[in-house]
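The values are calculated or read from the model by the stated rules, or taken from the named source; none is laboratory data. All values derive from a computational prediction rather than experimental measurement. Here Cβ is always computed from backbone atoms with ideal geometry, including for glycine, and neighbour counts include all displayed protein chains. With ligands, DNA and RNA removed, areas are computed over all heavy atoms of the protein, side chains included. Shrake-Rupley method; radii C 1.70, N 1.55, O 1.52, S 1.80 Å.
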Amino acid sequence: MRTWLSAILLATLACDGGTSPTPPARVIVSPGVKLLVEAGTTFRFEARVTDAQGAAIRGAEVAWSVADASVASVDATGQATAVATGRTEVRAAAGDVSGTATLEVYISAPVAEYVPGRTYFGRNEYVEYIAGDLPLVVSAGHGGGEEPAEIPRRTYGTLSRDSWTQETTRAVRDSIIAYFGGGQPHIVISRLRRTRLDPNRAIVEAAQGSEFAEQAWREYHTFIQVARERVAEDYGRGFYVDMHGHAHPTPRVELGYLLTGNDLSRSDTGLNAPRFPEQSSIRSLARRVDLSFADIVRGPESLGGLLFGERITTVPSPLIPDPGGEPFFSGGYSTRRHGSLDGGVIDGVQIELHGPGIRDTDRNRRRFAGALARALRSFMETHYGFAWEQGAAAGR
Ligand SMILES: [Zn+2]
């Protein structure tokens, strides 16, 4: 009651134009944390000045400052401008009191030339890129395990992790180096758990408003983009593989070329209709080679056919031409974006692995990785005109 009375009394005094203005008791700066990712970009912080009773003092004079001017500057209105990578306190002072917020500036260092075999990280090492020199890009977006406190849990969409796909992808890298004459694939990995980031979705569902997750999402796709541009420049054609793990009832590898189970249920003649290659992630390949689309997708020389040759049960393939009405992943955001659906010379596929016998133990992961590397090599030699010397370490 006393609080209320005091507040009213103070307010009354202020309204009456009293000579002593209400002294500020507290300053709250919002948001408490902000990230800027490009030099010169700006953001306006807000300061709320209150009296001892918590009532806002309107029009209170606020003086803004930053602790580290090499990171960012701030003007008289609270607008900060990013200068260089670092972290600084942004302070708003009113009378004898002040409040602070943290401003982080993260500017990706421009890399003139990514060195094959070298690892590059994005902010906080959430995203990893191992640069390569082969016309092959492999990504793993759902195998990460990190759950940093700064990124809130995602609240909708799929949250389950594709267990061991990060490890499988690293094993695939080793096998590719062995079977592609010592050349190296480009590898892009999200180390964040899917509860924090789903890079195989558009940014809104992927990051769900967290600016830190959004930054990781941009880095993930930028690294893939950088790798694709390098491949296009060096070779004029290439292949992109997005690695995933599924828990569907039938244990078999699923290859997603953006063709649904329903699309694949057609006869070869049906599948050879012009609209199917045009809606696929291997559109560039289909236009380039003198082979029917059905043969590219599920013939003996298709990736599924070659995997079958390695005794990896795969759909689509000559023996299992379509999922037969069972659950099937046809390819997601990354395959749509980084394959050749929208043009370009890099084709793509989403590979979905079952668990048992494939990614459940280190031995199985290595065995599968060898099979996939050999299948990819045959696939790319047959359809892309490459020829690689088999490395010395390539024994089965
Ligand atoms: Zn996945």
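Does any residue of segment 248-267 turn out to be open to solvent by less than 10 Å² (accessible area, probe 1.4 Å), more than 16 Å from the ligand (Cβ to nearest atom) and not in a loop (DSSP other than H, G, I, E, B)? Yes; the residues of segment 248-267 include at least one that is open to solvent by less than 10 Å² (accessible area, probe 1.4 Å), more than 16 Å from the ligand (Cβ to nearest atom) and not in a loop (DSSP other than H, G, I, E, B). Where strands (runs of 3 or more DSSP E) fall entirely within segment 19-121, those with at least 3 residues that are more than 28 Å from the chain's Cα centre (by Cα) and not acidic (Asp, Glu) are at 26-30, 46-50, 63-66, 86-94, 97-105. Residues that are polar (S, T, N, Q) and either buried (at least 22 other Cβ atoms within 10 Å of the Cβ) or farther than 16 Å from Gly183 by Cβ (or both) within segment 345-388 comprise Gln350, Thr361, Asn364, Thr382, listed in sequence order. Within segment 220-228, not a single residue is surrounded by 16 or more Cβ atoms within 10 Å (Cβ to Cβ) and farther than 13 Å from His338 by Cα. Mind checking whether some residue in segment 140-154 is open to solvent by less than 30 Å² (accessible area, probe 1.4 Å), assigned to a strand (DSSP E or B) and either modelled with pLDDT of 95 or more or more than 16 Å from the ligand (Cβ to nearest atom) (or both)? Yes, segment 140-154 has at least one match. What residue, among those in segment 178-188 that are open to solvent by less than 20 Å² (accessible area, probe 1.4 Å) and either in contact with a strand residue (DSSP E or B) (Cβ under 9 Å, 6 or more places away or on another chain) or outside the structural domain of Gly141 (by TED's automatic domain parsing) (or both), is farthest from the ligand (Cβ to nearest atom)? Looking at the filtered set, the residue picked out is Gly183. Taking Val231, is it of a type outside the set (D, E, K, R), under 20 Å from His383 (Cβ atoms), within 16 Å of the ligand (Cβ to nearest atom) and in the same structural domain as Pro185 (by TED's automatic domain parsing)? Spelling it out, it is not the case that Val231 is of a type outside the set (D, E, K, R), under 20 Å from His383 (Cβ atoms), within 16 Å of the ligand (Cβ to nearest atom) and in the same structural domain as Pro185 (by TED's automatic domain parsing). Might you let me know whether segment 189-202 holds any residue that is of a type in the set (Asp, Glu) and open to solvent by 20 Å² or more (accessible area, probe 1.4 Å)? No, segment 189-202 has no match at all.
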